[in-house]
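The values are calculated or read from the model by the stated rules, or taken from the named source; none is laboratory data. Computed from a prediction, not measured in an experiment: that's the story for all the values here. Positions of Cβ are generated from backbone atoms using ideal geometry, with glycine treated the same way; all protein chains shown enter the neighbour counts. For accessibility, only protein heavy atoms count, side chains too; no ligands or nucleic acids. Shrake-Rupley method; radii C 1.70, N 1.55, O 1.52, S 1.80 Å.
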Amino acid sequence: QVQLVESGGGLVQAGGSLRLSCAASGSIFSINAMGWYRQAPGKQRELVATIISGGRTNYADSVKGRFTISRDNAKNTMYLQMNSLKPEDTAVYYCNGRSLRLDYWGQGTQVTVSS
């Protein structure tokens, strides 16, 4: 089993920045990809960014150039640096870890961007 715990969400004005963290514990050796997803009220959960074991990253078009995903293997922690935030970035952000057979999710952290 893998446990994922997000932190760092909050309320920020448009144009501001936040950094989300996702601390992983348990059988993390089984994880070969991690990512951030978000879900806004009344909408489906959507991909924000992913990072695989080799460090390759992928971003949704809506966040390219504004968000940066990274990981610190020594701390078993993944980050999402969010800059130039927009009101449409408001959502619950979820950390995801993927093994060959399973998907693991954190509990989510709320990000609210005011205009």
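A few comments on the model shown:
- Of all residues making up segment 61-74, the number that are over 13 Å from the mean Cα position of the chain (by Cα) and at pLDDT 95 or above: 5
- Filter result (among the charged types (D, E, K, R) and either within 11 Å of Leu20 (Cβ to Cβ) or surrounded by 14 or more Cβ atoms within 10 Å (Cβ to Cβ) (or both)) within segment 61-72: Arg66, Arg71
- In segment 39-60, the residues that are at pLDDT below 95 and among the small types (Gly, Ala, Ser) form Cβ pairs under 9 Å with partners that are outside any loop (DSSP other than H, G, I, E, B) and open to solvent by 30 Å² or more (accessible area, probe 1.4 Å), at six or more places apart or across chains, as follows: Gly55/Ser70; Gly55/Arg71.
- Search result, residues across segment 91-112 that are assigned to a loop (DSSP other than H, G, I, E, B) and over 13 Å from the mean Cα position of the chain (by Cα): Ser99, Leu100, Arg101, Leu102
- Residues that are closer than 16 Å to Ser70 by Cβ and surrounded by 14 or more Cβ atoms within 10 Å (Cβ to Cβ) within segment 8-18 comprise Gly8, Leu18, listed in sequence order.
- Strands (runs of 3 or more DSSP E) fully within segment 1-87 counting 1 or more residues that are within 18 Å of Gln110 (Cα to Cα): 2-7, 10-13, 18-26, 33-39, 46-52, 67-72, 77-82
- Index of the failed condition, Gly35 passing every other in (1) buried (at least 21 other Cβ atoms within 10 Å of the Cβ); (2) without any contact (Cβ under 8 Å) to a residue 60 or more places away in the chain: (2)
- Total residues in segment 73-108, condition closer than 17 Å to Cys22 by Cα and open to solvent by 50 Å² or more (accessible area, probe 1.4 Å): 9
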